[in-house]
Amino acid sequence: MHYTYELIVKSNAFAVNILRTDQAELVDVFGKSSGRKVAKFASAAYDLRSTGSPILTDCLAFVDCNVMWTKEAGDHVLVVGSVASAAITSAGETLQETRSMYAQRTPSETRHRGINDGGA
């Protein structure tokens, strides 16, 4: 079981920190190593919001959530939350990963696309 999932279950909350294009190095820090082995927040400034979840102080935006329910989905667990708070906290372009490459997209390219037009 992933350490992050264990923390989500224990706290009954989670946050999504949305990064800017100039923050790609944080993907390696937070997404490619286990929190059991690495103190991920040791070098990143953060605040705790109402749910107790860490919000990076320099992120582009965040969504802080309370867990509503979870559902096993094969070898994953889907966690659905209700938004406790959310905000855009700085200016910039959204960092997106596509085919293992980081991309910058304009607002018109980030609109939700349906399944029939090749969107994800």
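The values are calculated or read from the model by the stated rules, or taken from the named source; none is laboratory data. This is a predicted model, so every value here is computed, not measured. FYI the Cβ positions are ideal-geometry reconstructions off the backbone, even for glycines, and counts take in every protein chain you see.
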Condition test on THR57, is it under 14 Å from the mean Cα position of the chain (by Cα), over 23 Å from TYR3 (Cβ atoms) and either modelled with pLDDT of 90 or more or hydrophobic (A, V, I, L, M, F, W, C) (or both)?
no
Report, by residue number, each residue of segment 60-97 that is surrounded by fewer than 14 Cβ atoms within 10 Å (Cβ to Cβ), under 15 Å from the mean Cα position of the chain (by Cα) and within 24 Å of HIS2 (Cβ to Cβ).
LEU78, VAL80, SER82, VAL83, GLU97
Can you say whether VAL80 is without any contact (Cβ under 8 Å) to a residue 24 or more places away in the chain, in a loop (DSSP other than H, G, I, E, B) and on the phi < 0 side of the Ramachandran plot, as far as the supplied structure shows?
no
Do the conditions hold for VAL9, that is, is it under 23 Å from GLY81 (Cβ atoms) and over 15 Å from the mean Cα position of the chain (by Cα)?
yes
The condition of being touching a helix residue (DSSP H, G or I) at 6+ places or on another chain (Cβ under 9 Å), surrounded by 10 or more Cβ atoms within 10 Å (Cβ to Cβ) and assigned to a helix (DSSP H, G or I) holds, among VAL29, VAL38, only for VAL29
